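These notes concern the structure reproduced below.
The values are calculated or read from the model by the stated rules, or taken from the named source; none is laboratory data. What you see is a predicted model; the values in this text were computed from it and never measured. Note that each Cβ is placed from the backbone with ideal geometry, even for glycine, and that neighbours are counted across all protein chains shown. These accessible areas exclude ligands, DNA and RNA; they are computed on the full protein's heavy atoms, side chains included. Shrake-Rupley method; radii C 1.70, N 1.55, O 1.52, S 1.80 Å.
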Amino acid sequence: MHINITDSEKGNNTGSSGQLVHYLDKENRLDAKKAPEPWFNGEGLQIESYEVKSRMDQNIAKLCRKDAKFFLINVSPSQKEIAHLKALYKEEDVKQVLKAYAVKVMNEYARNFNRPGIKSHKDLLWYGKVENYRYYSHKDTAVKKGLKKAGERKEGEQLHVQIIVSRKDISNKIKLSPMNNSDGKNQKHSKQMGEFNRSAFKHSGERLFDQLFRFQRGLTETFAYANAQKNGSLEERLAMQQRIEKGFHSKEITPIPSMEEITATNSIDLLLSKADYDPVNNQLKKKRRKKGQQTDLQRGL
């Protein structure tokens with residue numbers, strides 16, 4: 001699971017969010033034959049682009065002209081992880097499952113600030129957009145070698161989520177920056193500026209996916225391994241190698257959840273829940289009902 005936080009993929013994040021919102025709507029413009037993919041958050045799944053821009057641009061109280069107004073979070077499952085979800089759920093449900101997972105990722109984002117009043121996604125102003133494709137850019141090796149052209153779609157499963165989150169909390173009172181490097185040791189600084197551990201956030205998103213969907217992740221596929229190889233000391237890299245040689249196994253094993261079990265208790269429940277769907281057997285559960293009890297279909301629901 002690749003989770004990354006940037007200032008903005010397109011456009012300066014010290015101004016209006018309009019340019020980024022427009023950019024993230026690109027698939028709706030490129031494939032007009034398909035139903036447009038709406039924005040979503042923890043409160044709804046059919047949010048229009050104008051609402052995203054309007055709410056984000058108004059939530060900037062007491063921010064200076066050069067201050068960041070929003071951030072972009074990229075939540076990208078690997079092709080192996082997407083295949084795993086498709087093995088558990090109906091293909092048409094995978095996007096909804098990914099959206100519900102994104103809500104839980106934003107819970108982890110909120111908790112990582114370790115600030116009073118910021119406990120879950122409900123305390124944040126954020127909007128997500130599912131994207132089906134990725135495109136080659138001039139930075140890709142294949143483009144540099146002349147094998148691909150910038151702008152071409154990348155091969156394989158590329159389903160991912162882009163999330164815009166406001167610098168200010170939902171009340172427009174508290175500044176929250178994931179670019180803050182405070183680790184909590186300086187309590188005065190942390191109280192004033194907050195704290196955010198980006199590595200811990202990325203690791204929590206990966207762990208959440210593994211626990212929710214019973215995904216068996218090899219050590220070399222973990223964020224901890226990649227981080228140790230890139231930023232770790234020689235001792236940390238050697239320790240990772242020893243774990244590989246001894247055999248690494250996930251410790252957390254949980255039952256595979258149904259659609260309703262991965263959703264939080266808010267309005268998104270009603271939109272995502274598939275109470276009768278058994279993801280393990282890819283079929284509807286047969287429920288016993290008491291004599292005279294009507295089914296949902298008989299009740300007209």
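Spin-label pair N132-L238: with each label point 7 Å from Cα along the Cα-Cβ axis, the two points sit 5.1 nm from one another. Here, region 2-152 is characterised by an Rg to Rh ratio of 0.98, where Rg is the alpha-carbon radius of gyration and Rh the Kirkwood radius. Counting only protein heavy atoms and a 1.4 Å probe, region 1-106 has 49 square angstrom of accessible area per residue.
When a 1.4 Å probe is rolled over the protein heavy atoms, the share of accessible surface on region 1-116 that falls to carbon and sulfur comes to 49 percent. Length gained on full extension, Y23 to E152: 44.8 nm, using 0.36 nm per residue less the C-alpha separation.
Among the listed pairs K33/K168; K26/K148; K145/K202, those with a Cα-Cα distance over 26 Å are K33/K168; K145/K202. Taking every alpha-carbon pair under 8 Å whose residues sit at least 6 apart, region 1-108 reaches a relative contact order of 39 percent.
Note on N74 and K173: their simple-model spin labels are 3.6 nm apart, each label 7 Å out from Cα toward Cβ.
Exceeding 29 Å between C-alpha atoms, which entries from my cross-link table qualify? They are K99/K175; K53/K149; K53/K90; K139/K175. Before the final figure, lay out the partial values.
Values: K99/K175 25 Å; K53/K149 31 Å; K53/K90 33 Å; K139/K175 33 Å.
From the list (K99/K175; K53/K149; K53/K90; K139/K175), the Cα-Cα distance tops 29 Å for K53/K149; K53/K90; K139/K175.
Modelled spin-label separation between A83 and S54, with each label point placed 7 Å from Cα along the Cα-to-Cβ direction: 4.5 nm.
Among the protein heavy atoms, those of T6 account for about 50 Å² of accessible surface (1.4 Å probe, every chain in place). Taking every protein chain into account, the 1.4 Å probe leaves K90 with about 80 Å² of accessible area, to the nearest ten.
May I ask you to give the average projected area over all directions of the convex hull of the Cα atoms of region 51-120, in nm² rounded to one decimal?
Numbers: hull surface 27.8 nm².
Dividing the Cα hull surface by four gives the mean projection, 7.0 nm².
Can you give the net charge of the other residues whose Cβ lies under 11 Å from the Cβ of S16, counting K and R as +1 and D and E as -1? The partial results should precede the final answer.
Numbers: positive: K53, K69; negative: D57.
It works out to a net charge of +1.
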